[in-house]
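Here the structure is laid out as structure tokens; the discussion comes afterwards.
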Amino acid sequence: MSSLKEKDRPIVQLLLNTGTCPRCIFRFCCVGSQAPYKRPYKDLMKELKEFLKKNPEEDGIVCFEVPDPPCKRIRLENTEEGPDDLNQNGVLEQIPLVNEDNTALESSAVKVCSVCLGILQEFCEVDFVKKVCQKVKSADYQFTSFVFSVSLPPQLSVREVSVYNILGYLNAEKLGLSLAKDDIVQLKEAYKWIIHPQLSEELGVPADGKSLFEVSVVFAHPETDEECHFLARACPDCFKPAKNKQSVFTRMAVIKALEKIKEEDFCKHFSCPPSSPKNYCVALEIQCSNSAVFVAGKYNKYSRNLPQTPWIIDGERKLESSVEELISEHLMAEFKADSFNFSSSGREDVDVRTLGNGRPFAIELVNPRRIHFTTEEMKGLQQTINNSSDKIQVRDLQLVTRSAIGHMKEGEEGKTKTYSALVWTDKAIQKEDIAFLDDLKELNLDQKTPLRVLHRRPLAVRQRIIHTMESEYIDEHHFRLRLKTQAGTYIKEFVHGDFGRTKPNIGSLLNRTADILELDVESVDVDWPPALDN
Amino acid sequence: RRAAVAVGGAVAVTAVCAFADVKGRPREDFCVLQHSNRRIQYSNYDSSYRICVITLAEAHPLLQNGKAIKSINYQISANCSRLQNKVSGKSKRVWPGAQFLTEFAPLCRISSSDGEEYTIYSCIRGRLIEVNENILNNPSILQEKPSTEGYIAVVLPKFEESKSITQGLLTQKEYEEVLLKRLNSS
């Protein structure tokens, strides 16, 4: 066996005796190349035994000498165990695997590995690969690569440390070499070496760590779940109280505790080497998911009776539909997503229209099954949305990256907006009475938090600027007012004065009582997303 | 009064509730204007909150001809000034610092030049959000525009009490009947 060296012999011997599978043995022998792991299990077993037989020194010697590992010493002191627990060599074993001629016990059934609990055994086989791929295919996702993520039960880390403790001792004494922990091949890494090519072949796409499509498997081994519990007694501060009633023994917490705990303490509470389990791990869940995709655009709102988000109180819908539903409905259907998150650059009231080029918005589509859309297809989607409702219209519909969303929100402070308001006055006005409004430039307002939002905004005074105004006389009690204002200006309050809490206001400027009958957003001056030739 | 029901006017008023003859003092009536929040919608939370504005009702002595206001005082006791109401801070929903008012909590005391003194009461339970400082600087607004710029205070009822808050008060119609009765009896 070319991957194994002479120096590995004692490790191989010991681990084979303690019920470790060939691939885990390779890992602890720091076999760093992928090829050996991919070979069939039966072949590996066979060759390991042959490797052991080849030793000219061995010749019938029962076992080489293994100096007492610390855990064994402590156990002897406690005299808890009977003589049966120790073999001729005094090495503590849970399973008597070693025969006199030093071959591993032949058995028809493959014993569950005491280190990987079957991960590098059964779960590398074709049957499991097929099971995963079947799940992927039936989930009907669109993908060009995959990332395979695996969640292992925390007790695997404990068992790994248990073996490491034995070996560390073994090597130090026998060979005067220190076993570098970093050279031991990690279980997850070896597993991926073996399974990625198989998955890749079956699915027809490459494995890629950066892939947007994730296939995740959660493994569990209920039989040994309690093995981690001793760590809570040894390192209580590593285990925070459980949220959501889930187990406190998370992988991270267990690893942290294992780093902290001293070797002697570990061996007091956990058998080194680890016991052989009866059962394999089980694959609890095989799930697929795609990373979110983002669709951006601009919307116009032509209804004065449409909220931006669904308006539901006590389970009762107050107003039919909403801007976000009218846009997202079709996107959800096309992208086949689980859910969506809608955001926009500012928002308008239920009774306010959005005209001009519209208001920028972005929709995050969560876990979409379909992710590839050509420009033409996006245009088609835009048309579908626009055909489905006259209350809203969208333009510049396009796929964008997550980072692009930042463009929508940033600099919102600095943007200007233009509005058109229909104003009513109590006392009569003539054309001359409102003409002066056109000459007011950079009008400074002091706006106290409007009464209508006081329940959810702190009481404060905001200084805002009305850059320009343009009036259009209609009759003695009505005129239209176009305004260009700083972002964050409350227009309605500027018109009616909000009980005198916005100063100046149209009423105070005209020396009358004024009120606002209609408001339209004429433009939102944000040049994102990029305009497409619609 | 208004030509049209405006798009969420100053306060899209749905409930104008009067509190007549407060504490047995004749004609000392108040009005509680309540915001309907019908036209704007940001969340379901918004639609349930009904902010209230406390004003003098039209029959109040201070609004009758010939009354001149001498002073308005928000210091209602040695320890309590309505001007020192803490409403800033992180918590938007609860306003922990704001003074909590019961129906008969005094908001301010107003004295007229003829020697009379009037106490303005909260009329509803809730947190005091602000008192109108404009009338301190310019008392005439109180008399000229009692229902708008001359308001007394803004009070935010408890979330759970938002809808029931005006139950003990008179509707516009009922108040008009009271006024009619007074007219007929005098």
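The values are calculated or read from the model by the stated rules, or taken from the named source; none is laboratory data. Every value quoted in this text rests on a predicted model; they were computed, and no experiment measured them. Glycine also receives a Cβ, built like all others from the backbone with ideal geometry; neighbour counts cover every protein chain displayed.
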Looking at A:ILE429, A:ILE434, A:ILE465, A:ILE385, which is the one that is within 14 Å of another protein chain (Cβ to nearest Cβ) and either acidic (Asp, Glu) or touching a Leu at 6+ places or on another chain (Cβ under 8 Å) (or both)?
-> A:ILE429
Got a sec? Which helices (runs of 4 or more DSSP H) wholly within the stretch A:1-101 have at least 1 residues that are modelled with pLDDT of 50 or more and at negative phi?
-> A:9-17, A:22-28, A:35-38, A:41-53
When residues of the stretch A:486-534 are limited to those that are hydrophobic (A, V, I, L, M, F, W, C), under 19 Å from A:HIS467 (Cβ atoms) and assigned to a loop (DSSP other than H, G, I, E, B), the one nearest to the other protein chains (Cβ to nearest Cβ) = A:ALA487
When (1) in contact with a Phe, Trp or Tyr (Cβ under 7 Å, 6 or more places away or on another chain); (2) surrounded by 16 or more Cβ atoms within 10 Å (Cβ to Cβ) are applied to A:LEU397, the one that fails is (1)
Output for the stretch A:306-328, where each listed residue is part of a loop (DSSP other than H, G, I, E, B), farther than 16 Å from A:PHE342 by Cβ and facing chain B (nearest Cβ under 10 Å) | A:ASP314
Among helices (runs of 4 or more DSSP H) entirely inside the stretch A:343-462, those with 1 or more residues being within 37 Å of the chain's Cα centre (by Cα) are A:375-388, A:405-409
Which of the residues that make up the stretch A:437-462 are within 14 Å of chain B (Cβ to nearest Cβ), touching a His at 6+ places or on another chain (Cβ under 8 Å) and of a type outside the set (Lys, Arg)?
-> A:LEU451
State all residues of the stretch A:296-317 that are among the basic types (Lys, Arg) and in contact with a helix residue (DSSP H, G or I) (Cβ under 7 Å, 6 or more places away or on another chain); if no residue qualifies, say none.
-> A:LYS301
May I ask you to verify whether B:LEU170 is within 13 Å of another protein chain (Cβ to nearest Cβ) and either at pLDDT below 90 or under 13 Å from the mean Cα position of the chain (by Cα) (or both)?
-> no
Examine the stretch A:471-489 for a residue that is touching a Phe, Trp or Tyr at 6+ places or on another chain (Cβ under 9 Å), surrounded by 15 or more Cβ atoms within 10 Å (Cβ to Cβ), among the hydrophobic types (A, V, I, L, M, F, W, C) and at positive phi, and state whether such a residue exists.
-> no
